[in-house]
1. If the requirement is being surrounded by 19 or more Cβ atoms within 10 Å (Cβ to Cβ), without any contact (Cβ under 8 Å) to a residue 60 or more places away in the chain and aromatic (Phe, Trp, Tyr), which of these qualifies: Tyr51, Tyr66?
2. Scan Lys120, Lys124 and give me the residue that is more than 20 Å from Ala21 (Cα to Cα), assigned to a helix (DSSP H, G or I), over 13 Å from the mean Cα position of the chain (by Cα) and in contact (Cβ under 8 Å) with a residue 40 or more places away in the chain.
3. For Leu121, are the conditions met, namely being farther than 27 Å from Asp174 by Cβ and touching a helix residue (DSSP H, G or I) at 6+ places or on another chain (Cβ under 9 Å)?
4. Considering only the range 156-196, how many residues are part of a loop (DSSP other than H, G, I, E, B), at pLDDT below 90 and either buried (at least 16 other Cβ atoms within 10 Å of the Cβ) or among the aromatic types (Phe, Trp, Tyr) (or both)?
5. State the number of residues belonging to the range 127-144 that are over 17 Å from the mean Cα position of the chain (by Cα), more than 18 Å from Leu95 (Cβ to Cβ) and surrounded by fewer than 18 Cβ atoms within 10 Å (Cβ to Cβ).
6. Hey, does the range 100-117 have a residue that's surrounded by 14 or more Cβ atoms within 10 Å (Cβ to Cβ), within 18 Å of Gln25 (Cα to Cα), of a type in the set (S, T, N, Q) and without any contact (Cβ under 8 Å) to a residue 40 or more places away in the chain?
7. From Lys90, Lys102, which residue is of a type in the set (D, E, K, R), at pLDDT 95 or above and farther than 28 Å from Leu166 by Cα?
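The values are calculated or read from the model by the stated rules, or taken from the named source; none is laboratory data. Just so we're clear, the structure is a prediction, and the values are computed from it rather than from any experiment. Heads up, the Cβs are rebuilt from the backbone with ideal geometry, glycines too, and the neighbour counts pull from every protein chain shown.
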Amino acid sequence: MLPTNCQMALKEWAVTVDAMAQGDQVLLLRKGGIHEDGKDFRVIHREFLFYPTYLHQKEDLLQPAYQPALQRVLEQPHDDEHITFTHWAKAEEVLEIEEQEKVDALEPHHIWTTAYAQSKLHWKPMLPLSVMLLRVYKLEQPVTVPFLKEYSGCTSWVEVLKTVNLGKMEAVLDDAEFQRRVDKIKGSLGLAVTAG
């Protein structure tokens, strides 16, 4: 049963949110924001809204096939005084990896360059990299809320003060396609996949 409202949001590049919304990607690689509580990322919320951010997005951090998507995202008007939520996600699984070979093996499953994915692994090398496998849903209607200064800064999680009504959501990928993607990711990592 899907929820009908949500207050927790995860900040992510707008171009990555777009890739998740299009069904081009079902994973996120995270180690945390610069000002994270405890200084490292934790998957403390399994269900959240995508909070699209526009800082730090760079064309040379994306695989060439996805660089035009960044241009499209940047050309769309966005209002710094408001946040618009269009998608909600549920972390179906969270895997932890520590080897560069495994990060490299994920390259076909995301929009970033291998070098950028490696940089996520090598930042704070004593900590594992979280691979979040996300089932993404489109909100029934986009919801716009005012931007508050409490939402700023390099943190991953934001608690939205206004409850966001999700309405009747629709999965971006159907069950079979989502499972196929998860199995391919796990296969790339040398993990067991779902029998079927």
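1. Values: Tyr51 fails: without any contact (Cβ under 8 Å) to a residue 60 or more places away in the chain.
Every option except Tyr66 fails the conditions.
2. Values: Lys124 fails: assigned to a helix (DSSP H, G or I).
After ruling out the rest, the residue left standing is Lys120.
3. On the way: farther than 27 Å from Asp174 by Cβ: yes; touching a helix residue (DSSP H, G or I) at 6+ places or on another chain (Cβ under 9 Å): yes.
So Leu121 passes the test.
4. Residues of the range 156-196 that are part of a loop (DSSP other than H, G, I, E, B), as a first pass: 156, 166-169, 172-174, 189-196.
Narrowing further to those that are at pLDDT below 90: 156, 192-196.
Checking which are either buried (at least 16 other Cβ atoms within 10 Å of the Cβ) or among the aromatic types (Phe, Trp, Tyr) (or both) leaves us with 156.
Number of matching residues: 1.
5. Adding up the residues that qualify gives 4.
6. Checked the range 100-117: at least one residue is surrounded by 14 or more Cβ atoms within 10 Å (Cβ to Cβ), within 18 Å of Gln25 (Cα to Cα), of a type in the set (S, T, N, Q) and without any contact (Cβ under 8 Å) to a residue 40 or more places away in the chain.
7. Working: Lys90 fails: farther than 28 Å from Leu166 by Cα.
Unique residue meeting the criteria: Lys102.
This table checks each residue for (1) modelled with pLDDT under 95; (2) over 16 Å from Leu191 (Cα atoms); (3) touching an Asp or Glu at 6+ places or on another chain (Cβ under 8 Å).
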{"residue": "Ile97", "(1), (2), (3)": "yes, no, no"}
{"residue": "Leu106", "(1), (2), (3)": "no, no, no"}
{"residue": "Leu121", "(1), (2), (3)": "yes, yes, yes"}
{"residue": "Lys124", "(1), (2), (3)": "yes, yes, yes"}
{"residue": "Leu127", "(1), (2), (3)": "yes, yes, yes"}
{"residue": "Tyr137", "(1), (2), (3)": "no, yes, yes"}
